[in-house]
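These notes concern the structure reproduced below.
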Amino acid sequence: MKGTLCVIGSFAIGCLAGHLCGTDMGAQDISLIALYALMLQVGISIGSNKGLKDIVASIRPQNLILPVGTIVGTLVFSAAASLVLSRWSVFDCLAVGSGFAYYSLSSILIAQVKEPTVGVQVATELATIALLANIFREMMTLIFAPAISKHLGSKALISAAGVTSMDVLLPSIVRCSGKEMIPLAIVHGIIIDLSVPFFVSLFCSL
Amino acid sequence: MFLGVGIGYALRKVRGVKVVGTTIQLTIYALLCLLGVTVGANSYLVSHLGDFGGQALLLAVLGLGGSLAATLALSKCFGKGGRK
């Protein structure tokens, strides 16, 4: 509960600060540095694990099925959203869903690729929705990580995390499911990461 | 991250390296705060936040639900494959 409140509180304080100042104060540049710092720390955490060799040896080819499941499941359900959101086509919804919690890249790609065909206004709106949807996905997974791991299993938590299974959500995955899930979480994150530019560009151009 | 793995491996016998677990959590909170600053500073986004937020929430819930449903389906097809 304390962790959940810290997650929501951190985001809310940031929103308030940005709104009051009226400028992002270079937050995106600082975020990039903080993300590198996070990756370095995650690396140190992995490297200092005394069972690292056993973890690497535990990787199995069948574990590659999980990223495919994440992609197919997310895209099928995202397509269903177009039945409710009449303003957006099935391909628009697929483009948003194929961010897989990679909010920065997916929103930027959508804004750039959609603009020539639908104009700045509509492209910006869809990019904003992509930003929020993928932030929500990451935050919901952070908040519900213990419940997902407990009731649906460790692999469900990795799948829910999408691309963030290899960085932001990795500490939560380790805490909820154990360090033995690290190889699968990283392989999953890398594959999903590589798929984001492909799927977002594809669905934006259809 | 691979640089970190190398550093972590070199320092694996140093007792203080365990503090990295706490610093990771603090960095995540800082990243979420910075993300909030980016969202809060965008006046267009803020003024339409309710409308866009509702649509985004639906897409997020469906995307998350889809990946969970696929994992459960995989566990049915491949036995232990979908669950620990």
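Just so you know, all these numbers are worked out from the coordinates, no wet-lab data involved. Because the structure is a prediction, the values reported are computed rather than measured. Ideal geometry is used to build each Cβ from the backbone, glycine not excepted, and the neighbour counts take in all protein chains shown.
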Open item on the list: Over 27 Å apart: what share of the alpha carbon pairs of chain A falls there, rounded to a whole percent?
Closed with: 35 percent
TODO: Wrap a convex hull around the Cα atoms of chain B, take a quarter of its surface area, and give that in square nanometres.
DONE: 9.3 nm²
Open item on the list: Under 13 Å between alpha carbons, and skipping anything fewer than 8 positions from A:LYS50 in its own chain: which aspartates and glutamates qualify?
Closed with: A:GLU180
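Show that you can apply the helix-only estimate: for the protein assembly as shown, add -39,500 (n - 2.57) for every DSSP H stretch of four or more residues, divide by all residues, and state [θ] at 222 nm to the nearest 500. If you can, show how the numbers build up before the last one.
On the way: 14 runs with 225 residues, N = 290.
Counting only the DSSP helices, I get -25500 deg cm²/dmol.
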Task: For segment B:1-41, convex hull of alpha carbons as volume per residue, Å³ - done: 59 Å³
TODO: Could you state the angle between the C-alpha long axis of helix A:182-205 and the longest principal axis of the C-alpha atoms of chain A, as a value from 0 to 90 degrees rounded to the nearest 10?
DONE: 10 degrees
Open item on the list: List the residue ranges in chain B for DSSP H helices whose C-alpha atoms run 18 angstrom or more along the long axis and whose Kyte-Doolittle average is 1.0 or above.
Closed with: B:20-41, B:49-77
Open item on the list: Order A:173-183, A:60-70, A:110-120, A:152-162 from most to least packed using the mean count of other Cβ atoms within 10 Å.
Closed with: A:152-162, A:173-183, A:60-70, A:110-120
TODO: For chain A, find the longest principal axis of its Cα atoms and tell me its angle to the long axis of helix A:2-21, 0 to 90°, nearest 10.
DONE: 30 degrees
Open item on the list: Show me, for segment A:128-143, the HN-Hα J-couplings you get by feeding each phi into the Karplus relation (A = 6.51, B = -1.76, C = 1.60, θ = phi - 60°), rounded to Hz, glycine and proline as x.
Closed with: 5, 4, 4, 4, 5, 4, 6, 5, 4, 4, 5, 5, 5, 5, 4, 5
- [ ] Output the Cα-based Rg and Dmax of segment A:118-206 in Å, rounding Rg to one decimal and Dmax to a whole number.
- [x] 14.9, 47
Task: Residue mean of other protein chain beta carbons inside 10 Å, A:33-41 - done: 6
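My understanding is that a pair violates if its Cα-Cα distance is over 23 Å; which of A:LYS155/B:LYS13; A:LYS53/B:LYS18; A:LYS150/B:LYS13 do that in this structure?
Values: A:LYS155/B:LYS13 30 Å; A:LYS53/B:LYS18 19 Å; A:LYS150/B:LYS13 32 Å.
Pairs exceeding 23 Å: A:LYS155/B:LYS13; A:LYS150/B:LYS13.
Across peptide A:77-85, how many C-beta atoms of other chains are within 10 Å of each residue C-beta, on average? Could you put the intermediate results ahead of the total?
Details: counts 11, 7, 2, 5, 8, 1, 0, 4, 4.
That average works out to 5.
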